[in-house]
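So the structure is just underneath, and the comments pick up after that.
The values are calculated or read from the model by the stated rules, or taken from the named source; none is laboratory data. These figures come from a predicted structure and were not determined experimentally. Note that we place each Cβ from the backbone using ideal geometry, even for glycine, and neighbour counts take in every protein chain shown. Each accessible area value is taken on the protein alone, full model and side chains, heavy atoms only, with ligands, DNA and RNA left out. Shrake-Rupley method; radii C 1.70, N 1.55, O 1.52, S 1.80 Å.
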Amino acid sequence: MRICPIASGSSGNCIYVGSESTHLIVDCGLSGKKTTAGINSLDLSMDDISAILITHEHSDHIGGLGVLARKYGIPIYTTSLTADAILNSSWVGRIDHTLFNDVSPDKPFMIGDIEINPMRVSHDAIDPVAYRFRCGDKRSAIVTDLGFYNDYIVEGLKGLDVLMIESNHDVNMLQVGPYPYPLKQRILGDKGHLSNENAGKLLSRVLHDNMKHIILGHLSHENNIPELAFESVRMEITASDTPYKGGDFPLTVAKRSEPTECVNF
C-alpha cells in the first residue's frame, strides 16, 4: 500500500491511499485541476480512481468534489447525513445523487482489495468520520479534524503500520494570533482541531514496535509551523510514559498545498 497527501491544511485537503489495483482519494478540498495534477504526479490518472471517500462536508474537504464528480462519475462514499449536506450545498454544484454510497461508523466495507472501516470523530460537522484501511496484512488510517480523542479513538488506532494524524495548531500561536475569540474557542474546543501537543499524546498511546511511519497533517497556516509541529510531537512522545522516544519512528509533516512524498508500506 501507499499513502500520499496531495495537500493537507486548513485551505484544502486531499489524500491518496492505494494498493497495486485499488486507488482511493480521501477528501476533495482542492480544485479539480489541482487534484488531477496531484494524482497525475503519482503516475495515475483520474480514470484509475476507484472511489472518493469524504470525511465531512466542510469546504476544505469537498471544494473540488462537484467538478470531479461531474467530469469523471467517480463513486463517492460518506455517511448519509454528510451526503445530504453536500447535495444541499448550492456552491458545490450539481452532483448525481446515485454516485453516493452510504457508510456507517464501525461497519467495514470493501472497495477492490482494500477494506475500509469508518470511525466516529468529534468535529463541528454534521456527521464526521475518519477512515481506517486494511489490505492483506497492511493497516493504516487517516484521522484529521478531531477536537479530542478518547478510548474509542485510541483503540481504533492501535496496530497500524502507518498513521496520518492531525497536528493542527500550536496552542500559544493560536491564543496570541489574529483569529477572533469565538474562532479560537471553536478550534480549541471538543469539536475543533487537535493541537501539536495532543497529537503527540495520542500518538504515545498507539505507538508499537512495528509502526512504520507517522504523517502529521492538517496544519494551520496561521497557527502552526511545520518545524514546530515536528519537534513538538517528538517531544511529547519522548516525555510520555511509553518506552519510545520521538526519534524512534519516521515522521513526516504533510505539505499544505502540494504533494508530499509517498509513504510505501
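Normalized C-alpha radius of gyration of segment 147-189, against 2.2 N^0.38 Å?
Rg over 2.2 N^0.38 Å, computed on Cα atoms: 1.53.
Which Cys in the chain stand alone, with every other cysteine's Cβ at 4.7 Å or more from theirs?
Taking the Cβ cut-off of 4.7 Å, the unpaired cysteines of the chain are Cys14, Cys28, Cys135.
How large a share of the accessible area of the chain, in percent, is made up of carbon and sulfur atoms when the probe is 1.4 Å and the other protein chains stay in place?
Summing carbon and sulfur atoms, their accessible area is 48 percent of the total for the chain.
So, how do all the Cα-to-Cα distances of the chain break down into 5 Å bins, in percent, from 0 on up?
1, 6, 14, 18, 21, 18, 12, 6, 2, 1, 0
Where only protein heavy atoms count, and the probe is 1.4 Å, what is the accessible area per residue for segment 81-150 in Å²?
Here the per-residue accessible area is 46 Å².
What's log10 of I(q)/I(0) for segment 109-193 at q = 0.10, 0.15, 0.20, 0.22 Å⁻¹, Debye sum over Cα points only, no solvent?
Results for segment 109-193 at q = 0.10, 0.15, 0.20, 0.22 Å⁻¹ read -0.31, -0.62, -0.92, -1.03.
Whole-Hz ³J(HN,Hα) for each residue in segment 15-26, computed from phi via Karplus 6.51 cos²θ - 1.76 cosθ + 1.60 with θ = phi - 60°, x for glycine and proline: what do you get?
Computed from phi, the couplings for segment 15-26 are 10, 8, 9, x, 10, 5, 10, 10, 10, 10, 10, 9 Hz.
Tell me, what HN-Hα J-couplings in whole Hz come from the Karplus equation 6.51 cos²θ - 1.76 cosθ + 1.60 at θ = phi - 60° for each residue of segment 219-235, using x for Gly and Pro?
6, 6, 5, 8, 10, 7, 9, x, 5, 5, 4, 4, 6, 5, 5, 4, 5
How much length, in nm to one decimal, is gained on full extension between Phe148 and Lys107, taken as 0.36 nm per residue of separation minus their Cα-Cα distance?
Result for the pair: 12.6 nm of gain on full extension.
Multiplying the sequence separation of Ile126 and Glu227 by 0.36 nm and subtracting their Cα-Cα distance, what value in nm do you get?
33.1 nm
Ignoring ligands, DNA and RNA, how do Asp151, Asp170 rank by accessible area with a 1.4 Å probe, largest first?
Result, largest first: Asp151, Asp170.
Within the chain, what percent of beta bridges assigned by DSSP are antiparallel, to the nearest 5?
Values: 27 of 49 bridges.
Counting DSSP beta bridges with both partners in the chain, the antiparallel share is about 55 percent.
What FRET efficiency comes out for Glu155 versus Ser21 if R0 is 25 angstrom and r is the Cβ-Cβ distance? Round to the nearest 0.05.
Working: r = 30 Å, r/R0 = 1.19.
My answer for the efficiency is 0.25.
Which links in Lys107/Lys158; Lys191/Lys212; Lys158/Lys201; Lys212/Lys245; Lys158/Lys255 stretch past 21 Å when you go from one Cα to the other? Please report the intermediate quantities before stating the final value.
Working: Lys107/Lys158 17 Å; Lys191/Lys212 29 Å; Lys158/Lys201 14 Å; Lys212/Lys245 14 Å; Lys158/Lys255 25 Å.
Violating the 21 Å Cα-Cα cut-off are Lys191/Lys212; Lys158/Lys255.
Mind listing the long-range amide H neighbours of Asp127? Cut-off is under 5 Å, sequence gap 5 or more, other chains count too, H placed in the peptide plane at 1.01 Å from N.
When sequence neighbours closer than 5 places are left aside, the close amide H contacts are Glu57.
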